[in-house]
Every structure is written in structure tokens, then in C-alpha cells.
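Read the structure below first, then the notes.
The values are calculated or read from the model by the stated rules, or taken from the named source; none is laboratory data. Since the structure is predicted, the reported quantities are computational estimates derived from the model, not experimental observations. All Cβ positions, even for glycine, are placed from backbone atoms using ideal geometry, and neighbour counts span all protein chains on display.
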């Protein structure tokens, strides 16, 4: 694409320099060639351009890019992401059902959907218009998959699951597996609690590779519209998540916890069960939530503490050795028995 065409497609951005410059692809500043497009966030990153071969960039207004043709943007990273999608469109498999796939006689697959090799669609299930099931995807009975969804290699969607429109499931996701529930029986052994609910996934949700969302014991586990779940995340039974929440890798949410809108869980964080996490809350990396969190609160550490309290405690922790020495010196001066 010519830079002028790309700028127009990004919402009418301004081009400085040669607007007819032809872009063939996107690249990092280090690896880009003469026909590639990169981006810089600000002056600090622009300095790195001096000895680079990359042909054109997206950059903020006023940032010097060394005479290269440039698309000016108030959000270079976002516009670069959109440009990437325009320059590198994802190939779509052929419409229809692959000969090696299995589709139940009672299932409904829209004529514009794609069902890949060795995929299966169970009894009473439906696959909406434009949706793609890649190879080895397993869809159980009575599942609803909306329009324009993409289920990548090896996903498993168990019976009764409801998936909205434009949902993306990365390879190896398991949606609707049994929740983890046991009771001790008369012998003191584990008796499995049947999990007879389902999972309901809203529109525009993406779930990362090898993440799991368990079916409810009763009722539904719910994932709200626009929520983004990274790889290796565990969402337990009867959890309810609001809209546009974010869960980074290796996070775990225990059963029946309610998570509000636009909540952010950083990597390796988690929440115990039956809690309320308010809208806009932020849980720092490796944070462990064991009590309710109010709207907008920022929690760090385990057990979770308010952000400022946690930072103060960490500052003190680094000084503990010196504090102990000072206490011992004082005890000696005072003649304490424990000196």
C-alpha cells in the first residue's frame, strides 16, 4: 500500500514526506528493511532510528524521524497494530465442512462457516455465519457458537456452552470443563460434585492458549463482553466476569467470585472464592486477593494490600536487617536480657 492509502485507512492521518512511498510490510526498527513500516512512541525511541534501514514509520507529531516518510499519529502503537492488520491480513480457510470433519445430523452450520480437518460439532449445536473451526476443534452437544468466531487448533468446547459473536479461542482452550468440586463422603473419601451448569461467553472475548473456563456447578460461569484472557489462565466454576476485564498469564480466579468491569489482573495473580472485585480494580503481579476489593482499588502482594501500603512495606522490608541491628544495640545499651 502507498503510505497515503494507509494513512487514509487509519482514519485520515497526516503524512509527512513522500505520500506515495509503498509499504510492503511491518517490522521492528532493528529488523526493518527499506520497504517496511515501523513505529516510534516518542523522542527517546526516535533516537534509535539514526542507523536503521527501515523505510517509513508511524510517529507522534513533532518527533524527528530522520527525513523518512511518516504517518503522524496521536497513538502510534495502536495505529501500527491496525496497519499490521491491513498489511498482513489473516488467511481464511475455505468455506464449508472439510471431508474429514464430523458434523452431527442435528447440528446447524451456517453456509459461510468453515469447519476444518478432523473437527467435530456435536448434536444440537450451531455454528454461526463466518465462524471458523480450525483442525481438531471439538464442539460438544447443544453448543451455540455465534458469528465470525475463530476457534484455533485443538480447542475443546463442551456441552451447553454459549459463545457470542467475534470470539477468538487460541489453541488448546478448554471451555466448559467440569468445575473442581468434591465433598468428603462417609468413608472420608472424595465424592465428586456434579457440575451441571454451563459457560456463557460474551461478544468480542479472546481466550489465550491452554486457558480454561470451567462450567458452573449450577447456573452459569459468565465472561463479559470484550474481556481478554491471556495464556494459561484458570477461571473456576460460577465465576462471573464483567465487560472488558483483562487477565494476564497464569492468573487464577476461584469459584463464585464476581469480577467487575475493566478489572485488571496482572501475571500470576489470583483471587480466592466467593469474593467481590469492584469495577476498575487493579491486581498487581503475583497479587493474592483474599478479601473483597472495592471499585478502583489497586492491590499488590500476598496477602493483597493497598498499593501504597504494599510499597511502604517493601521499603521497610529492605531495611529489616539494619533495623534488627539497631534494636540489638539499643538492647545492649539498656541491659536487656535478650541482647
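A compact table of results
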item	result
Residue match in the stretch 51-70 (condition: over 30 Å from residue 146 (Cβ atoms), outside the structural domain of residue 145 (by TED's automatic domain parsing) and touching a residue at least 60 places away in the same chain (Cβ under 8 Å))	yes
Residue that is more than 15 Å from residue 75 (Cα to Cα) and touching a residue at least 24 places away in the same chain (Cβ under 8 Å), where the choices are 7, 27, 48	27
Selected residue (only one of 324, 289 is under 20 Å from the mean Cα position of the chain (by Cα) and either farther than 24 Å from residue 221 by Cα or crowded, with 18+ Cβ neighbours inside 10 Å (or both))	289
Residue 153 being under 30 Å from residue 111 (Cβ atoms), modelled with pLDDT of 95 or more and surrounded by fewer than 20 Cβ atoms within 10 Å (Cβ to Cβ)	yes
Entirely in the stretch 1-112, the helices (runs of 4 or more DSSP H) that have 3 or more residues that are surrounded by 14 or more Cβ atoms within 10 Å (Cβ to Cβ)	3-9, 76-87
Condition check for residue 40: at pLDDT below 95 and farther than 30 Å from residue 163 by Cα	yes
Residue within the stretch 157-168 that is within 17 Å of the chain's Cα centre (by Cα) and part of a strand (DSSP E or B) present	yes
Test: residue 123 is farther than 18 Å from residue 175 by Cα, assigned by TED's automatic domain parsing to the domain that holds residue 218 and out of contact with any helix residue (DSSP H, G or I) (no Cβ under 9 Å at 6 or more places or on another chain)	no
Residue match in the stretch 182-189 (condition: crowded, with 17+ Cβ neighbours inside 10 Å and not in a strand (DSSP E or B))	no
Qualifying residue in the stretch 265-285 (condition: in the same structural domain as residue 199 (by TED's automatic domain parsing), under 23 Å from the mean Cα position of the chain (by Cα), surrounded by fewer than 14 Cβ atoms within 10 Å (Cβ to Cβ) and at pLDDT 95 or above)	yes
Count of the stretch 254-300 residues which are under 14 Å from residue 233 (Cβ atoms) and not in a loop (DSSP other than H, G, I, E, B)	6
